[in-house]
Structure formats: C-alpha cells, structure tokens
Amino acid sequence: MQLSPRKNPTSLRTGLALAAASLLGPKAASAAIEDVEVGSGVLVYTEPGRVSALEAVALVTRNFWDKHKLSLRVVYDTLTGASPNGAVASRSPQTFTRPSGSGSYTVNANETPLDDTFKDTRFAGSLTYDRPFLSAGRWNVGLQGSSEHDYLSIGASTGITREFDRKNTTISLGVSGSRDEISPEGGVPTAFAEMGAATGHHEDDFTRGDDGEYDENRGEGSGDTKSVVDGVIGLTQVVNRTTLIRFNYSISNSSGYLNDPYKFVSVLYGPDDPSAGDPITYLYEKRPDSHTKHSIYAQAKKRIASTTMDISYRFLWDDWGITSHTAELKHRVPIGETVYFEPHVRLYEQTAADFYRTYLLSGEALPAEASADPRLGPMTAITVGNRVGGFHVGEQEFAVTLEYYRQFLKDGDQPAFGSLEGLDLSEDMGAFMFRISHGWEP
Amino acid sequence: MIGQPARDRTLDKRPDGIWRGAFFSMASPCELLARTQRKSTAAKALELVSEEAWRIEAKFSRYRDDSVVAEIHRARGSWVSLDDETNRLLLFAQQVWELSSGSFDITSGVLRRAWSFQPGSAPPDQASVERLLPLIGWSRVEFRPPKIRLPEGMEIDLGGIGKEYAVDRAAELVSNLEGEFLVNFGGDLRAVTQQAHDHSAHGELRSDLSDASTSWADSTSPTGSSSPADSTSPTGATGWTVGVESPAVDDVAIAEIHLASGALATSGDSKRAVVHGGTRYGHVLDPRTGWPVPHAPRSVTVHAPTCVEAGMLATLALLQGENAESFLEEQGFRHWCVR
C-alpha cells in the first residue's frame, strides 16, 4: 500500500472531524435501561369540622427498549364530611332534602349550611406510553379513566416535546379530551327548580310516592354529560448554569352539564318585606353550559449556593368572569447529603364568576344563571408548608409534607340585610394536608 | 508485563448531590460524574463506563499478551485479520498520519528502545536513534482492511489514541441514560450534557399530590386540567466545571472552564521528560527524526467536539513545537498551552 504523507493539508479541522466521525460513527451499543420504578403516596386532607379526604396513589413505570416508558398510575380517594350546599346562613334552623331525595338534614340557626351527606369514593387510573420521537423529541399518548358512584370520566391525551439548542430549549405541546357522565343521586335536578320536599325520613324508606314533588324537580333524567378539551403549549429554557425558566399557556373548554347537582341558591324575602333576609325556598343552581379557561404560567428555578429557589406565577381567566392569580415560592435547602427541607408559601386570589350570587331575592326576575357555590365566589387563600425529603430507608426514598391551607371568602356584591345582618355569609375555611410520598427502584 | 489490574470501582454521592464513580484503568485514575436523580442510573453509567474502559485497555494494550496489538506483533511479518473496531482505529491512525504529514505515527513506539525517560537518564546517541528509524513509518505497513501485515521488528502503539477513544466510547454509552455525565479518564474528558429530566416516579407523584389544595377548594379544579408537571431537575444546573491542570504542579489548575459539551484532552510531557546537560528532552518524539520536538510546549489542552479530536489536536500541536499556539489558533479550537 503506497501512501505518502500529504503536504499542507487543506483543512486539518475538517479532515480530523471526518476521521473521528468514522471512528466513532457506528453507534455504541445502546445502553437501554430496562427496569421498573415504583412510586406511591398518601395524602390526608382535612378541613376541621368539614370534609376529610384520603388519597392514595401508586405509580409503576416500566423503562424498556431505548428510553421507552410505560406508566400505570392508580389513584384511590375517599371523601367524607360536610361541604357548603350554597344556601346562606339564617336566623332560624334550615332543613334541606338530602340529594337522594329520601330524608333531610337540618342546619342550626346562624350556621353556614353544610350538606353532611358527602361520602364519595373515587378510583382513577391512567396508562401512558412515552417514547422517543424524531431526533430530539418525545411523544406520549395516554388513556385516563375515573369513576365515582355518580361520575364517570373517560379521556385520552397526547403530547410531544422537542429539544433545541443543545437541549437548552424545550418546547412542548399537549392536547387531551375527556367525556364525563354525571348521574347524580336522585337524578339530574332541573336548573332553577325548587328543592323538593323529602319523600321519607329514612335512607332505607322504600315507600316514597311515585309522583312526589321531589321527583318532578329532578326531572332531567338520571344522567347528563360533559365534554372537556384541553390544550397546552410550553417553553422551558435553560438560561445559564444555575437558572431555568418555563412558560406555559393552556386553554380548556368544557361543555355540557356543568352545574353542581348538589348546590342550591337561597331565595330570600326582599329588604322591604317584614321577613327581610329570611329564606323562602332554595333553587338548584344553574351555570352556563360552556366554560372556556385560559391560563399563563411562568416559573423560574434558580440555584443559589447549594439551595434552589423556585418562584412561579399563574394567571387564569375564563369566560365566566373569574380571574385568578397564584404565586408560589419554594426554597429547597439541603441538610446533610441527600435530605432537604423545602418550605413553601402559595398565595391565591380569585374574583367571582359573573353569575355568582350569594342569594336571590323573591320578586326579582331570575337571572340567566346563578350559583352560590363558594368555589366560584371571591376569595383569597394562602398555603404554607414544609417538605422534608430525600431520606432513604434502604433503597426506598421518602418525602413528607405538611401544609396548612386557609381560605378567606370575601363578601360578594350583595350586601347583608334584614335578618342576615350580623351573620357570617362567607365563612373562612382552613385545611391541613399531610403527605407521604415514596419512590423505589426495585 | 503488568498483571491484571484490580477491577474495583466505587460510587459515592457528593455533598452537592452529584454521584461520583471512580476506578483505575489505562494507567490512570478514572472518574465518572453523574448528575441524575436515580442511584441506579449512576450505578448503571459507572458500570458501562468502567467496563468499556477495561475492555478497550485489555484489547489494545501493548502490555498484554492477549491484546490485538500483541497478536499483530506476534505475526512477525505475516498477515493478520482484524475485527471491525481495530480496523476503524487503524484507519483513524492512518488518516491522522496523512493529515499531519507523517508527524503522528503509531509505529514510532520503537523509539522507546533508545529513549528512556527515567529520571537521571541521558539522551541516546545519534547512532542508536538512527538504527531505529528504518522500523518507523506507517508507509511501511501494509494495511488492507481488514488485514494488516507489519514488517518484522516494527511495532504499533495505540496508546496515543486509546484513552481518548475510550472516553468517547464511554460517553456515547451513557448518552442514552437520563442525566448529565462527565467521563474523565486521567484528565481526558468528555461531557454528556442534557437537560436533566426528573421523570422518576417520585417526581411525578409529587406533582400529582401537590395540587390537592386547589382541587377541592377553589375554582381551578372543575376540569382538572393538568398543571405543568414538575419535571425538571431541581437545580436547573447544566454542564461541568473542570480544571485544566498545571503540568508542573499536581492538583493546581491553570484554568477553570465550564464544559457544557464536547471534550478536553491534554498532551504534554509533565511527568515524562529528561533533563540532561541543561537541556530538557520532552517525551514527544518526532517520528521522522527520532528526537524530541524542539521548543514544544510542556502541555497542550484542547477543547473539541470529541475526545479523539481534542487528543489528536493536542498531540499535533505539541509536534508543531514553537508554532503550537499559532497552529491551534489557525484550526480555531479553544486551547491552553503551558510552556
């Protein structure tokens, strides 16, 4: 083989790059990790005197081939206790028909009416397949389902992510849709129909009348449906060695049956009536049959010495007139080799939906829609908490979080008058949350 | 003849949360740094990297009887069939030999017979060097992939490529894993940088449960739209800070650079040189003369996309002698020369 060294190589740089490429060219054997990750978590949520919830989550992820992942998540939660039914407090005891139509419950004078029949158990599951897509992207597709005794939801989602600029920039797109079936206890109430009288006084009373008032006013059949479509577009940018920022825009549209079948609006005697402020009756609420929400989200994570600061802000607005701001600050501080503390605080503020009414007045024309659900009313809220994480027991990693949430309902546009004066129509609520989460790679 | 080296490796988590794996191969301390959430990923990466280093060492070492290099030498002028990887390495060596007008030559190792870089030893006389020159020169080798025939008495030495090649191979092996890695074999290193996704089960659960306070109590809940998942690394940090070591003093960095991607390799005579009669003879020998290249820098460090490129450029720069810096300027690579 006769080779003579070449004089004055025209481009050493290019020649060397080509030589290196052919030396290293054949891809090294893929280092596919085939393993299983297991995670679980338990959340205990309690609003003293009201709702308690227990949620358990299990997640199993199978990594296979070359960065393909199949994840199965199962959620079980159970909710019990009392929740505001929408009616305003009154100077006299108030009696409400239970959602099932059989039996009733009575709320003491001067107290926020709470429906104490809430007892719900939910199972939810999702299966997600996530895989590499084109050269620097990933693609996922998933199926979700959730079932309660009065609610069934089935959905699907898909999303792609793509990295640019040596993985410093990530753009993601996702869409999901779901079809929900609502089959309230006692059937779907007619919007703005009066709460029917209870047909019996015992849950096990099978003798209620065939043509009772209760059944008439829950005359929309046994169930209804709603459809939800969500879309999200996101950008994540590594700014420098210690800073990462993220922006998201998301849009969500729901249509169909959007009422809460268990919420009422009180109808009160007007200010000129001798019984001003006393309840006459209670109407089932009525919301629009379409709801479009938008939100923008910005987050910055910054490493400062050995700690990490995480600041985020979300602005949400919708066509129901609700706007909300959420600001959150987390600060992760390592203590020891893997254990960290992460105190956080979250502030939340929302304005009321246009159709939010603390009450309706007798003699007034009915508005097009009305709901007294406090979740649609004006409020501020604060969450403070701390997470302690990163501790290991063998190969198992644990994190524990304790949080306190305080919700301050603000008075709506409608003033207290007559017998309502001096009553707390927007009672604040507090909740404790305790979480343990656990990760394991067998 | 060096015996089978102990194949120990250790993995520890440093206080800054980075996993550090360590082992010994190719006569050098080797290190793997891993910025990843999962210990199993770090352990897998260390296993891949160390096994690859040991594999390449065993296959191409000139000190081992069972290496490919030993097999070629044993053939004593007969044809030897080569496997694909050896073919590619020899083709690469041939291409660099061409590109460097013969100043890089893997047959120059026989000069060791004349040159000893033990402290206190004297440079050889011209006659003993000249006796060796007929045994040097890639043009004398018959290389017809996948076969090679080496004239009797000639040797090939892949030591000038092997470590850098091992770094690139190891880096490639871990590039599929989730996390960021730094492969460092005795100061030749390559960063494997990616945005560190925290896709662990634990991470996803966190976001799953963390919205609980909003899902029951305020209006953000009704459609249960997904919140932005908490899927990035807790730090947002990316890349590696590495020191370019002084050739004269151990553990003293002459430069600290941020290596977001690519490789660094160093060539130099820091630990291998003889001083005789006031003249310093570096270990970079010009295969065409058999003598050390005059006025060569003591060490050259180059940043390039791959470690083999960085290593070859560093070596070729040394062979340029006093023109090392201008050579690297011309080629347009970041570099650090110490004289």
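FYI, it's all coordinate maths here, none of it is from the lab. Because the structure is a prediction, the values reported are computed rather than measured. Positions of Cβ are backbone-derived with ideal geometry, glycine not excepted, and every protein chain shown enters the neighbour counts.
Structure above, values below:
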{"item": "Expected 222 nm ellipticity per residue - DSSP helices of 4 or more, -39500 (n - 2.57), all of the protein assembly as shown, to 500", "result": "-5000 deg cm²/dmol"}
{"item": "Amide H partners (placed H, <5 Å) of A:Asn259, local residues excluded", "result": "A:Arg287"}
{"item": "Student exercise, the protein assembly as shown dipole from Lys, Arg, Asp, Glu Cβ charges, in Debye to nearest 20", "result": "5300"}
{"item": "Cα centroid of segment A:327-370 to Cα centroid of segment B:19-78, whole Å", "result": "56"}
{"item": "Charge dipole (the protein assembly as shown, unit charges on Cβ, about Cα centre) - positive-most of A:Leu376, B:Thr241, B:Gly160", "result": "B:Gly160"}
{"item": "Residue-wise HN-Hα coupling along segment A:400-405, computed from phi with Karplus coefficients 6.51, -1.76, 1.60 (Hz; x: Gly, Pro)", "result": "10, 10, 10, 9, 10, 10"}
{"item": "Amide H within-cut-off set for A:Asp66, under 5 Å, with H built and near neighbours excluded", "result": "none"}
{"item": "Between helix A:12-24 and chain A: long-axis angle, C-alpha atoms, 0 to 90°, nearest 10", "result": "70"}
{"item": "Number of partner chain Cβ atoms within 10 Å, mean per residue of B:302-315", "result": "3"}
{"item": "Residues with amide H under 5 Å from that of A:Thr358, placed H, sequence gap 5 or more", "result": "A:Gln414"}
{"item": "Under Karplus coefficients 6.51, -1.76 and 1.60, residue-wise ³J(HN,Hα) of segment A:179-190 in Hz, glycine/proline x", "result": "10, 10, 10, 10, 10, x, 4, x, x, 7, x, 5"}
{"item": "Burial ordering of B:Asp168, B:Asp125, A:Asp424, fewest other beta-carbon atoms within 10 Å first", "result": "B:Asp125, A:Asp424, B:Asp168"}
{"item": "Lys/Arg +1, Asp/Glu -1 at C-beta; chain A dipole; positive extreme among A:Ser147, A:Gly270, A:Thr170", "result": "A:Thr170"}
{"item": "Alpha-carbon centroids, segment A:114-175 and segment B:294-336: separation in whole Å", "result": "51"}
{"item": "Debye, to nearest 20: dipole size of segment A:88-185, +1 on Lys, Arg Cβ, -1 on Asp, Glu Cβ", "result": "520"}
{"item": "Number of partner chain Cβ atoms within 10 Å, mean per residue of A:39-47", "result": "4"}
{"item": "Whole-Hz ³J(HN,Hα) from phi, Karplus 6.51 cos²θ - 1.76 cosθ + 1.60, for segment A:62-70, glycine and proline x", "result": "10, 9, 8, 6, 9, 6, 8, 9, 10"}
{"item": "DSSP-assigned coil residues among GluC sites (Glu not before Pro) in segment B:93-162, each with at most 14 further Cβ atoms within 10 Å", "result": "B:Glu152"}
{"item": "Residue-averaged beta-carbon neighbours from other chains (10 angstrom radius) around A:151-158", "result": "0"}
